[in-house]
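Engineer: Dropping a structure here in structure tokens format, bear with me for questions.
The values are calculated or read from the model by the stated rules, or taken from the named source; none is laboratory data. As the structure is a computational prediction, the values presented were derived from the model and not from experiment. Because the Cβ atoms are built from the backbone with ideal geometry, glycine has one as well, and the counts that use them run over all protein chains shown.
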Amino acid sequence: MSKVVHRAGEQTVEKYEGFGNYTRIFAPLCDGAKGLYAGKTYLIHRNWAEVTCKKCLKKRRARV
């Protein structure tokens, strides 16, 4: 089974990496930052050609 790749959205979240370090990451287009705050992990890409998430692809069609 292949991994689902999401599209990077507009929102960013600072994820705690440990030892007082934070990394700014993009939230997925379909779920936004609420999924990251809930503890979910995502594979995120900025190129539409790499995206395999059906929800993100639906949002692309809605924007165009």
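Engineer: Condition first: touching a residue at least 24 places away in the same chain (Cβ under 8 Å) and in contact with a Ser or Thr (Cβ under 8 Å, 6 or more places away or on another chain). Now tell me which residues in segment 11-53 satisfy that.
Structural biologist: Initially, segment 11-53 is screened for residues touching a residue at least 24 places away in the same chain (Cβ under 8 Å), giving 13, 28-31, 37, 42-46, 48, 50-53.
Of everything in segment 11-53, just one residue is touching a residue at least 24 places away in the same chain (Cβ under 8 Å) and in contact with a Ser or Thr (Cβ under 8 Å, 6 or more places away or on another chain), namely THR52.
Engineer: Further question on the same structure: For CYS56, all conditions in the list (1) in contact with a Lys or Arg (Cβ under 8 Å, 6 or more places away or on another chain); (2) without any contact (Cβ under 8 Å) to a residue 40 or more places away in the chain hold save one; what is the number of the exception?
Structural biologist: The single condition CYS56 does not satisfy is (2).
Engineer: Next up: Given the conditions (1) touching a Cys at 6+ places or on another chain (Cβ under 8 Å); (2) modelled with pLDDT under 90; (3) aliphatic (A, V, I, L, M), and given that VAL4 satisfies all but one, which numbered condition is not satisfied?
Structural biologist: (2)
Engineer: Moving on. Please verify whether ALA27 is of a type in the set (A, V, I, L, M) and surrounded by 13 or more Cβ atoms within 10 Å (Cβ to Cβ), treating the condition exactly as stated.
Structural biologist: yes
Engineer: Restricting to strands (runs of 3 or more DSSP E) lying wholly in the chain: which have 2 or more residues that are among the small types (Gly, Ala, Ser)?
Structural biologist: Counting at least 2 such residues, we get 5-18.
Engineer: Suppose we filter GLY35, GLY39 for residues that are touching a strand residue (DSSP E or B) at 6+ places or on another chain (Cβ under 7 Å) and at pLDDT below 90; which single one remains?
Structural biologist: GLY35
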